[in-house]
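I have placed the structure first, in the form of structure tokens, so that the comments after it can refer back to it.
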Amino acid sequence: MEAPATALSGGSGSLVIPAHVAIIMDGNGRWAVRRGLPRAEGHRAGVEALRRTVRIAGELGVRYLTIYSFSSENWSRPRSEVLDLMALLRRFIRNDLAELHRNGIRIRVIGRRDDLDADIRALLDEAESLTRDNDGLTLVVAFNYGGRDDIARAVRRMVEEVASGTLDPGEIDGDCLSRHLDTAGVPDPDLMIRTGGEQRISNFLLWQCAYTEFVFSQVYWPDFGRDDFIAAIEEFRHRERRFGGLAAQAAK
Ligand code: FPP
């Protein structure tokens, strides 16, 4: 599914804004270590960068912002770091939900809920239900999310529907699978930004990124600011998206 891009007029002309930006917020740990701080301080600074980025995305006219805040593989980190990340999510929802709601932001959460603590599940449910009817930026929080797990769970749901007679196997195609993913109803990302210098997808939105443009930033996530965001969008703007077709010139 594609969403239309918007154009923003600014001092330097108009900037085409991708409708959906996904971000792998990497580099928190290295940011902290470089300052002689515990890794937890990097994640805390990462939440500040997240607040800033949500604000900037809204101002620029991005419609969907998806953030990779805890992957299904992050459970393998030291227990203390896992607990820190869980605590940060709790604090983020408790402290920021009212303001996000006031600003018209709609929250969607993707990822497996069943192995999260009950109080976290309740907070995620509350964030989604409170903001369900908002029509501003949609903030998609990927928490306990893995792309392969998302696809596997979608397949399981389709198989269950086939078994119960509500889905005809002949109707199963790419669109059908998309509708069974956690991201159902969310357009595929136009732009994926990964901070922190690594260049890989790390099991994020595997199905949804089939035609997404990737921009890799050297900046550690806690330092990612407005100029870095705009630079990534500028780079996106110069890409020619062909979706498997031909370049505009060659097609003539
Ligand atoms: C990767 O950096 C980042 C994460 C695993 C977590 C991202 C989380 C946040 C930005 C804050 C939490 C936000 C919410 C809403 C809970 P890394 O630690 O792998 O960095 P490194 O590669 O430098 O070690």
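Details
- Applying a DSSP loop filter and a limit of 13 other Cβ atoms within 10 Å to the trypsin sites (Lys or Arg not before Pro) in the range 103-146 leaves 132.
- Here the scattering of the chain is modelled by Debye summation over its C-alpha atoms, one equal scatterer each and no solvent; at q = 0.09, 0.15 Å⁻¹ the log10 of I(q)/I(0) is -0.42, -1.15.
- Listed residue (56, 145, 40) projecting farthest to the positive dipole end of the chain, Cβ model: 40
- With at most 14 neighbouring Cβ atoms within 10 Å, loop chymotrypsin sites (Phe, Trp or Tyr not before Pro) (DSSP) excluded, longest segment of the chain: 1-210
- Neighbour cut-off at most 16 other Cβ (10 Å), DSSP loop, GluC sites (Glu not before Pro), the range 156-228: 198
- Measuring r between the beta carbons of residue 241 and residue 95 and using R0 = 22 Å, the FRET efficiency lands at 0.05.
- The range 6-237, dipole about Cα centre (Lys/Arg Cβ +1, Asp/Glu Cβ -1), debye to the nearest 20: 820
- Annotation: the antiparallel percentage among DSSP beta bridges lying fully within the range 6-237 is about 15.
- At least 18 Å along the helix axis (C-alpha) and Kyte average at least 0.0, DSSP helices within the chain: 118-131
- Binning all Cα-Cα separations of the range 105-160 at 10 Å, short to long from zero, yields these whole-percent fractions: 23, 43, 32, 2.
- Distance between the C-alpha centres of the range 32-53 and the range 119-195: 29 Å, rounded to the whole angstrom.
- Estimated from helices alone, the mean residue ellipticity of the chain at 222 nm is -13500 deg cm²/dmol (sum of -39500 (n - 2.57) over DSSP H runs with n ≥ 4, per residue).
The numbers here are math on the coordinates, done by the rules we state, and not lab data. All figures in this text were calculated on a predicted structure; none of them were measured in a lab. Positions of Cβ are backbone-derived with ideal geometry, glycine not excepted, and every protein chain shown enters the neighbour counts.
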